[in-house]
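Input: a single structure, listed below in structure tokens.
FYI, it's all coordinate maths here, none of it is from the lab. As the structure is a computational prediction, the values presented were derived from the model and not from experiment. Every residue, glycine among them, receives a Cβ derived from its backbone with ideal geometry; neighbour counts consider all protein chains shown.
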Number of protein chains: 2
Amino acid sequence: MAYRQTDNVAQRLAENRQKILSAARALVADGGFAKAQITAVAKNAGLATGTLYRYFPSKDDLCRQVFREVSAREMNLLAGIAASNRPALDRLDLILRTFSGRALKNRRLAYALLAEPLDLALTEERTRFRKTHAAIFARVIEDAISEGAIRPCDAKFASACFAGAIPTALTGPLAPVAGDMSADDVLQEIVRFCFGAIGATPPVHRKAVNADTKSNTNGELHP
Amino acid sequence: MAYRQTDNVAQRLAENRQKILSAARALVADGGFAKAQITAVAKNAGLATGTLYRYFPSKDDLCRQVFREVSAREMNLLAGIAASNRPALDRLDLILRTFSGRALKNRRLAYALLAEPLDLALTEERTRFRKTHAAIFARVIEDAISEGAIRPCDAKFASACFAGAIPTALTGPLAPVAGDMSADDVLQEIVRFCFGAIGATPPVHRKAVNADTKSNTNGELHP
DNA sequence: CCTGAAAATGAATCTGCTTTCATTCCGCGA
DNA sequence: TCGCGGAATGAAAGCAGATTCATTTTCAGG
């Protein structure tokens, strides 16, 4: 008779898939994508190397998936803020603080997403991520212009600058070393810088959005 | 009797070394560091692969050398402007235009230096490069502050933002596509953006410094 | 012209990974 | 309990480069 997959089996498969993704995520959050070798992921997931290939066609696919899942969470958060109906400059302020605040809270992961040297496939994925950021910035800047809150400027251009400046200021070798500047100072400066760049005045301080309840250092998603 | 290197030979050795560096440079300027494989460099230089190892201990060393030579030219140009004795904001304007103008004139090479995904060794080299940029920016910003031309701000921080924003806006996937914006528009926007970010007003337009007389697309140095 | 020593050669080797695949294991329905 | 087919395994093969090294070539000095 024809083989039919049992619920039992289907569930185990799904679990394994998750195990693999979690294992990879954990490695990435700990040591960047460089640490996410197939063998290490398999070991961490409690499976044999060959088994991973029953779940993902290649290492690249697996890593891309991890990158997407981790970055999607960030992007959705920002997109949500961008779509709210506050004044544009309030939204911008909140987006900047949220993005930066989260990156500072989990520097290792932020480094992996934003600054770590990656291979071609993942660089492509990162590009998507950065383009999305830029699009979110651009949208809010355009709103600010049409609200008359700031003088017109090239929103696309300014948003590309934001998307370049913020990660550099937050992560990687040019970022202020911890202790050099407090996280709050950094947020403050980022907002000041970005608002200035588009000729706006920063609103009064406002708390950043943070989806995590407790501190979350392993990059796990809990949707 | 003991072997003594002839002038003749010494000269050939020096020439070969240059041939290798030029070949590598040409490949990089054409297709980025990814294209600079040992075999390709050797072929381009008209030498055997093994021969390269008599001139450079490893591929990494060779590539680092290329990176340094190419980037040194840029940095010196900027450093020269920074050290001149005009008003700080004039210098900043000139530096921004020079840097950006040159990058736009040779996009492929700029991409290799600023945005191409690289391995660890070259990423390290790029970091040096970017730190130097940032230091140049920081210095001029500080000067502007002490001249009283702008309100005090964290110059280190702002310069890191510049060093992130400018390459992003010029090169790589977020940069405006050619035809979308003219090179002049881009310069204009960069200056506007950066000056705004530190609370300054851009001076009137001024010609960028460009060390090249004729258009120079292969990244060759002519010191 | 001969010789010794450096210089050049490029095919073979090495390296760290990813990916494959012949084999074994396991769960289900008969 | 048996047998079938999918699932899991992990040792071996592949791969894309850099790197080595036994051999050949070149070249001054004798």
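Counting from the shortest, the label point at A:Arg128, 7 Å from Cα toward Cβ, is 3.6 nm from the same position in each remaining copy. With its label point put 7 Å out from Cα toward Cβ, B:Gly31 sits 3.2 nm from the same residue's point in the other copies, in order from shortest. Dividing the summed helix terms, -39500 (n - 2.57) for each DSSP H run of n ≥ 4, by the number of residues in the protein assembly as shown produces a 222 nm estimate of -22500 deg cm²/dmol to the nearest 500.
Comment: the Cα-to-Cβ extended label point of A:Arg73, at 7 Å, lies 4.6 nm from its counterparts in the other copies, nearest first.
Within region B:111-206, list the GluC sites (Glu not before Pro) lying in a DSSP loop whose Cβ has at most 14 other Cβ atoms in a 10 Å radius. Loop-located and lightly packed - B:Glu147.
Excluding same-chain neighbours fewer than eight residues apart, the aspartates and glutamates reachable from A:Lys35 by a Cα-Cα span under 15 Å are A:Asp60, A:Glu116, A:Asp119, B:Asp119.
For the pair A:Gln18 and B:Arg73, what calculated FRET efficiency results from E = 1/(1 + (r/R0)^6), where r is the Cβ-Cβ distance and R0 = 51 Å, to the nearest 0.05? Here the calculated transfer efficiency is 0.50. Does region B:119-191 come out rounded, prolate or oblate by the C-alpha gyration tensor, with a ≥ b ≥ c the root eigenvalues, rounded set by a/c under 1.5 and, if not, prolate when a/b is larger than b/c and oblate if not? Here region B:119-191 falls in the oblate category.
Distance from the alpha carbon centroid of region A:101-115 to that of region B:1-74 works out to 38 angstrom.
Here the label points at A:Arg86 and B:Ala34, each 7 Å from Cα along the C-beta direction, are separated by 4.1 nm in the simple model. Taking label positions 7 Å along the Cα-Cβ direction at both B:Thr123 and A:Val177, the computed distance is 2.0 nm, reported to one decimal. When the trypsin sites (Lys or Arg not before Pro) in region A:1-57 are filtered for DSSP coil states and for at most 16 other beta-carbon atoms within 10 Å of their beta-carbon, the remaining sites are A:Arg4.
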